[in-house]
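Read through the structure below, which is laid out as structure tokens, and then see the notes.
The values are calculated or read from the model by the stated rules, or taken from the named source; none is laboratory data. Predicted model, so just to flag it, every value in this text is computed and none were measured. In this analysis, Cβ positions are derived from the backbone assuming ideal geometry, glycine residues included, and neighbour counts consider all displayed protein chains. Calculation scope for accessible area: heavy atoms of the full protein, side chains included, ligands and nucleic acids excluded. Shrake-Rupley method; radii C 1.70, N 1.55, O 1.52, S 1.80 Å.
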Amino acid sequence: MLLIGKNINMRTVALGDAEFIYAMRQNQDKTKYLSKVTGTVESQKEWIKNYKKREKEGQEFYFVIESKNEEKLGLVRVYDFKDGSFCWGSWLIKEDAPKTTAIESALQIYEFGFYNLGFQKSHFDVRKGNDKVIAFHKRFGAKIVDKDELDYFFHFEKSVYELIKEKYKRYL
Ligand SMILES: CC(C)(COP(=O)(O)OP(=O)(O)OC[C@H]1O[C@@H](n2cnc3c(N)ncnc32)[C@H](O)[C@@H]1OP(=O)(O)O)[C@@H](O)C(=O)NCCC(=O)NCCS
């Protein structure tokens with residue numbers, strides 16, 4: 001699976017990405033608000049093998065975000081398809097990636113979820129305290145619909161995406 005963006009491409013992960021994923025998930029500072037990944041590069045490979053079965057069944061898509069020169073810039077995952085809605089997360093971008101990588105990858109995820117997969121809505125959770133990411137989603141027009149002691153739960157409608165898409169078309 002390959003999604004073609006303006007300055008990035010997003011392709012589903014392969015076994016050879018285990019080292020990259022492992023290194024990204026070991027970055028203590030960047031993964032402060034993500035669930036802990038323990039184990040080794042070998043266990044990451046096992047995880048990818050199992051993920052590939054879910055990908056084949058169309059249950060989950062885990063993307064490496066790359067530059068047009070195939071430099072790996074980050075990761076993002078689409079999963080938990082239910083009630084006409086898809087969840088996205090595990091979003092992680094290298095510190096030195098070009099500035100537009102975050103917006104471009106979010107747009108590619110919405111294009112994929114709303115048009116390729118055909119969902120009407122998206123849902124995701126963001127840890128309380130992850131203020132930059134909370135602000136990012138609010139600027140896009142996502143709404144906080146619930147919270148618990150750990151997370152804020154967001155919804156983002158396709159109809160809202162279709163309105164903001166106009167504003168962001170230069171990133172598509
Ligand atoms: C989440 C993550 C991938 C977002 O990437 P990021 O590059 O930090 O995203 P930013 O919010 O800084 O956005 C990048 C740039 O686009 C700009 N931008 C973001 N949203 C924008 C919008 N709606 N309109 C215009 N510009 C926007 C930002 O201002 C920023 O530019 P600046 O550096 O000049 O201020 C990254 O912070 C990360 O890896 N975080 C750690 C893991 C994590 O918390 N993941 C999310 C779990 S839910």
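Results for (1) among the aliphatic types (A, V, I, L, M); (2) touching a Lys or Arg at 6+ places or on another chain (Cβ under 6 Å), shown as yes or no for each residue.
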residue	(1), (2)
67	no, no
81	no, no
94	no, no
114	no, yes
128	no, no
134	yes, no
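The single condition among (1) open to solvent by less than 10 Å² (accessible area, probe 1.4 Å); (2) within 26 Å of residue 142 (Cα to Cα); (3) of a type in the set (Asp, Glu) that residue 17 does not meet is (2).
What are the residues in region 80-130 that are assigned to a helix (DSSP H, G or I), more than 10 Å from the ligand (Cβ to nearest atom) and of a type in the set (D, E, K, R), if any? Within region 80-130, just 111 meets the criteria. As a summary of the residue check, residue 33 satisfies the conditions (1) of a type in the set (Phe, Trp, Tyr); (2) assigned to a strand (DSSP E or B); (3) over 24 Å from residue 171 (Cα atoms) except for the one numbered (2). Of all the numbered requirements in (1) at pLDDT 95 or above; (2) under 17 Å from the mean Cα position of the chain (by Cα); (3) not small (Gly, Ala, Ser), residue 172 misses one, and that requirement is (1).
What about residue 4, is it hydrophobic (A, V, I, L, M, F, W, C), open to solvent by 60 Å² or more (accessible area, probe 1.4 Å) and more than 21 Å from residue 134 (Cβ to Cβ)? Answer is yes for this residue. The number of residues in region 37-79 being open to solvent by 60 Å² or more (accessible area, probe 1.4 Å), in a loop (DSSP other than H, G, I, E, B) and over 25 Å from residue 5 (Cα atoms) comes to 2.
Among residues of region 102-126 that are in contact (Cβ under 8 Å) with a residue 60 or more places away in the chain, those with a Cβ under 6 angstrom from a residue that is more than 15 Å from the ligand (Cβ to nearest atom), sequence gap 6+ or separate chain, pair up as 108/3; 112/3. Summed over region 131-172, residues that are open to solvent by 30 Å² or more (accessible area, probe 1.4 Å), out of contact with any Gly (no Cβ under 6 Å at 6 or more places or on another chain) and in a helix (DSSP H, G or I) total 17.
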